[in-house]
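Here's the structure, in structure tokens; my notes come after.
The values are calculated or read from the model by the stated rules, or taken from the named source; none is laboratory data. Computed from a prediction, not measured in an experiment: that's the story for all the values here. Cβ placement follows ideal geometry from the backbone for every residue including glycine, while neighbour counts extend to all protein chains displayed.
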Amino acid sequence: MRMKPALTQDDVAVMVAACHAKEREIGREGTIAIVDFGGDLLFLLRPDKQSPNSVDVATRKAQTAAFRERPSSNLESRVKDRPGWLMFPNALAMSGGVPIFHDGECIGGLAVSGIAEDDEIVAIAGVAAFEAANS
């Protein structure tokens, strides 16, 4: 039998707090989505001034990171040379989604949407806090 680590609500709280800290540092607020390895939503927060569309975008970026086990920006870069990758199932080729690893296994994805070039920076801060808390 194989035992796979899984995210807890405490893990989610650590990541969300780090995302908020990074947002305050840069003076922007994005929609934050965290999914488990299967792409199921564990956390979602859309700030008052964010578009309702950012909910789906953040969720899909997080799923992309979890399913592909690499940042969603990797897929965004890849489609520039090979547009066929746009057909990758359950994926969104936009930066802002970052996979979450523990003990070498991908256990989920965290994504931010609505703050353009800062999406991935905030998501990375959240995942880095998780890694620091679990190392």
Condition set without any contact (Cβ under 8 Å) to a residue 40 or more places away in the chain and part of a helix (DSSP H, G or I), scope region 8-24, selection surrounded by the most Cβ atoms within 10 Å (Cβ to Cβ): answer is 12
- Query: Does region 95-116 include one or more residues that are of a type in the set (Phe, Trp, Tyr) and either crowded, with 17+ Cβ neighbours inside 10 Å or at pLDDT below 95 (or both)?
  - Reply: no
Of the listed residues (48, 36, 103), the one being farther than 27 Å from residue 2 by Cβ and either in contact with a Pro (Cβ under 9 Å, 6 or more places away or on another chain) or of a type in the set (Asp, Glu) (or both) is 48
For residue 86, the lone unmet condition from (1) surrounded by fewer than 17 Cβ atoms within 10 Å (Cβ to Cβ); (2) within 20 Å of residue 6 (Cβ to Cβ) is (2)
Among strands (runs of 3 or more DSSP E) entirely inside region 25-135, those with 2 or more residues being in contact with a Cys (Cβ under 8 Å, 6 or more places away or on another chain), under 14 Å from residue 15 (Cβ atoms) and touching a residue at least 40 places away in the same chain (Cβ under 8 Å) are 105-113
Those residues of region 55-86 which are hydrophobic (A, V, I, L, M, F, W, C) and closer than 21 Å to residue 38 by Cβ amount to 55, 57, 58, 62, 65, 66, 67, 75
